[in-house]
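Since the structure comes first, as structure tokens, the remarks are kept for the end.
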Amino acid sequence: MEILPIGRTSFGNAAHAGNTLSREEAHTLLQEWVKNERLQLHMRQVGHLMRRWAAEKEGLDEADQWRWEMAGLLHDADWDLWPEQHCRKIIGELEKRQVCPAVIRAIASHGPRYFGVEPETSMDKMLYAFDELSGLIHAYSLMRPGGYTGMDIKGVKKRLKEKSFAANVSREDILDACQRAAIQQDELIGFIIKHQGEVGE
Ligand SMILES: [Fe+2]
């Protein structure tokens, strides 16, 4: 995966702080930009995890929960149609639509090794932390007869150690993200197991 650094560390306009797309606008953008259903599901899953984390762990209100969810929901929005412009295209679009800079920043920093933008806020760090691990746990759910039901942390950690399982999931990024967010990997895995299955296909 060759991705060019974004080349800047400031996003959006402070005057637009708190602005969001409506839920309908965000889902329309997702439908128009992301034809790949697996990718769409991944984004909805990460969006849901972000919302649940904002509510349960950060104690944020509905408006903030939606900002967190929106960052997750749109973080890979340009990957399907414009992989060579990944991240830059969606950043530009959200800036044009005058979306809250914190949401745009979270999207811009979801892969520090690729985009060169450091996750700073808890929203930034959690998006980075959920991204890869969510994908691995989804892959694991698909090979289990009960899906997420009965899945345990130990089983996920076993899959993490198997380099050939979901080989495109970067173990290095998962470790790095947990360290940056100062979260135990077990807590994060448990949280994803608990909530990811709530997202419909
Ligand atoms: Fe992603």
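The values are calculated or read from the model by the stated rules, or taken from the named source; none is laboratory data. The model shown is predicted, which means the values in this text are computed figures rather than measured ones. Here Cβ is always computed from backbone atoms with ideal geometry, including for glycine, and neighbour counts include all displayed protein chains.
Tell me, yes or no, whether segment 65-79 has at least one residue that is under 22 Å from residue 7 (Cβ atoms), buried (at least 19 other Cβ atoms within 10 Å of the Cβ) and modelled with pLDDT under 95. Explain how you work it out, then say what you get.
Step one: list which residues in segment 65-79 are under 22 Å from residue 7 (Cβ atoms), which gives 71, 74-79.
Right, trim to buried (at least 19 other Cβ atoms within 10 Å of the Cβ) and you get 71, 74-79.
From the residues that got through so far, the ones that are modelled with pLDDT under 95 too are none.
No, segment 65-79 has no match at all.
Would you confirm, using the coordinates I've provided, whether residue 107 is free of Cβ contacts under 8 Å to residues at least 40 places away in the same chain and of a type in the set (A, V, I, L, M)? If you could, list the steps in order and put the result at the bottom.
Numbers: free of Cβ contacts under 8 Å to residues at least 40 places away in the same chain: yes; of a type in the set (A, V, I, L, M): yes.
Against the criterion (free of Cβ contacts under 8 Å to residues at least 40 places away in the same chain and of a type in the set (A, V, I, L, M)), residue 107 qualifies.
Go through segment 67-81 and give me each residue that's acidic (Asp, Glu) and either in contact with a Leu (Cβ under 7 Å, 6 or more places away or on another chain) or touching a residue at least 40 places away in the same chain (Cβ under 8 Å) (or both). Break it down stepwise before answering.
Of the residues in segment 67-81, the ones acidic (Asp, Glu) are 69, 76, 78, 80.
Across segment 67-81, the qualifying residues are 76, 78, 80.
Within segment 116-157, the set of residues being on the phi > 0 side of the Ramachandran plot and either within 13 Å of the ligand (Cβ to nearest atom) or under 18 Å from the mean Cα position of the chain (by Cα) (or both) comprises just one member, 116. Within segment 171-179, the presence of at least one residue that is in contact with an Asp or Glu (Cβ under 7 Å, 6 or more places away or on another chain), within 21 Å of residue 38 (Cα to Cα), among the aliphatic types (A, V, I, L, M) and modelled with pLDDT of 95 or more is confirmed.
Filtering segment 49-79 to residues that are of a type outside the set (A, V, I, L, M, F, W, C), within 16 Å of residue 122 (Cα to Cα) and within 16 Å of the ligand (Cβ to nearest atom) leaves 51, 69, 72, 75.
Quick grid of which residues meet (1) farther than 30 Å from residue 101 by Cα; (2) crowded, with 20+ Cβ neighbours inside 10 Å; (3) of a type in the set (Val, Ile, Thr):
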{"site": "113", "(1), (2), (3)": "no, no, no"}
{"site": "120", "(1), (2), (3)": "no, no, no"}
{"site": "132", "(1), (2), (3)": "no, yes, no"}
{"site": "138", "(1), (2), (3)": "no, yes, no"}
{"site": "144", "(1), (2), (3)": "yes, no, no"}
{"site": "151", "(1), (2), (3)": "yes, yes, no"}
{"site": "192", "(1), (2), (3)": "no, yes, yes"}
{"site": "195", "(1), (2), (3)": "no, no, no"}
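Of all the residues in segment 9-51, those that are in contact (Cβ under 8 Å) with a residue 24 or more places away in the chain and in contact with an Asp or Glu (Cβ under 8 Å, 6 or more places away or on another chain) number 17.
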